[in-house]
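Taking it in order: structure first as structure tokens, then the write-up.
The values are calculated or read from the model by the stated rules, or taken from the named source; none is laboratory data. Keep in mind the model is a prediction, meaning the values are calculated, not measured. Counting neighbours? That spans all protein chains shown, and the Cβs are built from the backbone with ideal geometry, glycine included.
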Amino acid sequence: MKISFPNIAQYRLRILFRGAFLLLAVAAVALALYVLQQEKQLSYKNYQASFRKTGDQILATLRHPAGQLALLNPRTENGGAAALHPVLLPFPSLDFDDQNKVRQAITMSGCLVQYGDDGALCVAIGNNPWAGGFIYVAGSFVSGELMPHQRGEQDIDDAHRVRVTVTLRGQTYRWIAPFEKNGDPNAVQTRGAHGRLTGFLDDDSGRVGARPVKDFRGWIWQSTSCSKPGPGDGDADCPRSAFFSLRLPVGVLQDALFQQKNPVWPPADLDNIQVRIEVLPPGDGPLLFDSKSAAAARAFSVGDLASLLLPGESLRIKKRGAVGGADLVSLIGAEDHPDDASRLLSRLVRRLPVDEVGPPNESRESVVTSAGIYDVTLIGDERSVNRSLGVVAARVLWFVGAMLLALFVAWLIIEIGIIRRITMLTRRAAKVSKIVKGSGGLDQFDLTDLRGADELGVLASCLHDLLRRVKEDLEREEIRAEQEKEMWHAVGHEIMSPLQSLMALHGTAENQSSRYINRMQQAVRVLYGSASPSEAFQSTVLQVTAIDIGAFLGNVADNAPLVGIADVRFSGEQEGVMVRADDYSLEDVVTHVLRNADRCRLPGSMISIDLKTTETAATIAIHNYGPNIAEELIDKIFEYGVSDQLDAGANGSRGQGLFVAKTYMAKMGGTISVLNVADGVVFSLGLQRV
């Protein structure tokens, strides 16, 4: 079945124009999707490389002494103004007597807590319980030249001193350790102050007992260089950095080691042990250093590894053989921009295809420490690529939206400035060919508003001038038609006078000629004063009366040979059937039908006229034997000017006989129709009964 689109041609340019803009919009969206798909493919590859790099970085950090310290103390946080808690070192003990060894150990292990420019401090215990159950303290502070305490004197207020407070298991240990120089106290030391920190029990009296604490050990070393170079560099009073190292004997810890056969080390309450370190100047001046009040920077902890994780990645650390098998550390990468991408964009990014996507990234490694083996599991989450790409898509969306907006604005400008004017011009031009019937109809087609200097304006100007010329031609045609009408008046006037004379000669009722003279007069009156025959027939006013249709048809059949139509037979001699009709007009209708039947019948065949009646109507059937009417003409034969004869005008046929028949039948309230039958054609005339 063929589908036709008769009006598609008039919209072709508009469809082409709008389709071009639509394709541009689709291309912009497709380009954005392609870029996102390629970006996603590249991001997946980069993520796999980044995942391996993150795993290597985490393992390298954990295998470093600082990382091992964080593994041994996963929940310890030495920072802020809170009291210090000892940390478990990855070493059996600290060689507190050797400055270089202590510095190297605490620096590599990462247990130092920084206190800004005031100093640093490390509080720890060794991982070997048989080292004696000591707490080690090492750190530095800034002060002027250290003032020593003279051995044997009980008053220590004139010297620099370190006060240590340890609180655990409901007990508090306090020591005060004044600085004592090695060798001759009055000798000048060229390599900085160096001496002991001798520990005494502290009772807040400012005096010490005769005997120091036996197992308390401490050393201090002061640099000769000023910590803040300036105009006073090299002076005795310039601030210098002092490094100290202490070993604190804690009786509770030592007793616990020797009371059990298999001591628990490190202590289970290691996080509850509180240590405070204070450095006092000579006299009653402010403290040079206080671990409790100073603002400290937190030391490295396992939780800092979370910054290495991408969103969605998880890190789990478990100690092998631990009771319960719980994770020691469980970290998840934080979301950078959880709300930057909409759900629609996230769903779109997830649906973008990616080639060569491997299995989920997962890394399992182990870290060996002195306290045991730790299993490190790093699990990747490739969905983080979609989430991060969703943020990129949100930014690309603005670019695509701007492109689509620019396309829409450009389309709107052209649509309003050009296409709308073309559409208006097309519609007005179409109306000219459909509606305009005379010069007056052109007045409503004003193209002044479409005129201009551009191409469309020039076209509108040309059409405007053309319509003006057409209007002038129509006006001239009206003048010519009026002149023809006047000529018809003159012709009709000249024809009517001879007809009146013929009527006087043949006007008796017995003379058959009078009937045809009357029909000629009626025909002249119908056409008299009309501009065209079709208008004349349509404007005719008939005198409808009651006539005997049976007698009328019998008379027509009898007189048909007189007008050149032979072999006409009327069947159904019915009298007294009265119908509403105009006598002369109905005779014209039947005669026009008979002439068409006579022209198309087979030679020698009969034309039959039948009359069928009902209570309300009478139907006249005129049947001729011959060829059928063509299918393409059967619905048009009653239109003016339609004829089945070639060169109808040249042969004297104007195609108006059946048009007159249909017009007269309608004015008499009747109907006329035609039907092809097996042996010819049947015309049916319907009239109303009186």
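Within the stretch 2-20, no residue that is under 21 Å from residue 425 (Cα atoms) sits with its Cβ atom under 7 Å from a residue that is modelled with pLDDT of 80 or more at 6+ positions apart or across chains. Checked against (1) out of contact with any Lys or Arg (no Cβ under 9 Å at 6 or more places or on another chain); (2) under 17 Å from residue 201 (Cβ atoms); (3) surrounded by 15 or more Cβ atoms within 10 Å (Cβ to Cβ), residue 135 meets all criteria but (1). Any residue in the stretch 210-219 that is more than 14 Å from residue 151 (Cα to Cα), modelled with pLDDT of 85 or more and loosely packed, with under 10 Cβ neighbours inside 10 Å? Checked the stretch 210-219: at least one residue is more than 14 Å from residue 151 (Cα to Cα), modelled with pLDDT of 85 or more and loosely packed, with under 10 Cβ neighbours inside 10 Å. Residue 34 falls short of the stated requirement of being at pLDDT below 80 and not in a loop (DSSP other than H, G, I, E, B).
Selection within the stretch 555-593: residues that are small (Gly, Ala, Ser) and within 19 Å of residue 545 (Cα to Cα). The member of this set that is surrounded by the fewest Cβ atoms within 10 Å (Cβ to Cβ) is 576.
For every residue, the table says whether it meets (1) modelled with pLDDT of 75 or more; (2) part of a loop (DSSP other than H, G, I, E, B); (3) assigned by TED's automatic domain parsing to the domain that holds residue 34.
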{"position": "337", "(1), (2), (3)": "no, yes, yes"}
{"position": "345", "(1), (2), (3)": "no, no, yes"}
{"position": "385", "(1), (2), (3)": "no, no, yes"}
{"position": "390", "(1), (2), (3)": "no, no, yes"}
{"position": "393", "(1), (2), (3)": "yes, no, yes"}
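Within the set of pairs 6 or more residues apart or between chains, which connect a residue that is over 24 Å from residue 175 (Cα atoms) inside the stretch 249-265 to a residue that is surrounded by 10 or more Cβ atoms within 10 Å (Cβ to Cβ) with Cβ atoms less than 8 Å apart? Close Cβ pairs satisfying both conditions: 263/129; 263/256; 263/257; 264/256; 265/127; 265/128; 265/129; 265/257. One residue stands out in the stretch 270-318 among those that are out of contact with any strand residue (DSSP E or B) (no Cβ under 9 Å at 6 or more places or on another chain) and under 25 Å from residue 63 (Cβ atoms): the one that is surrounded by the fewest Cβ atoms within 10 Å (Cβ to Cβ), namely 307. Regarding the stretch 103-119, can at least one residue be identified that is buried (at least 20 other Cβ atoms within 10 Å of the Cβ), in contact with a Pro (Cβ under 7 Å, 6 or more places away or on another chain) and within 25 Å of residue 262 (Cα to Cα)? The answer is no, given that none of the residues of the stretch 103-119 is buried (at least 20 other Cβ atoms within 10 Å of the Cβ), in contact with a Pro (Cβ under 7 Å, 6 or more places away or on another chain) and within 25 Å of residue 262 (Cα to Cα).
Screening the stretch 78-96 for residues that are crowded, with 18+ Cβ neighbours inside 10 Å and over 16 Å from residue 248 (Cβ atoms) and picking the one that is modelled with the lowest pLDDT gives 78.
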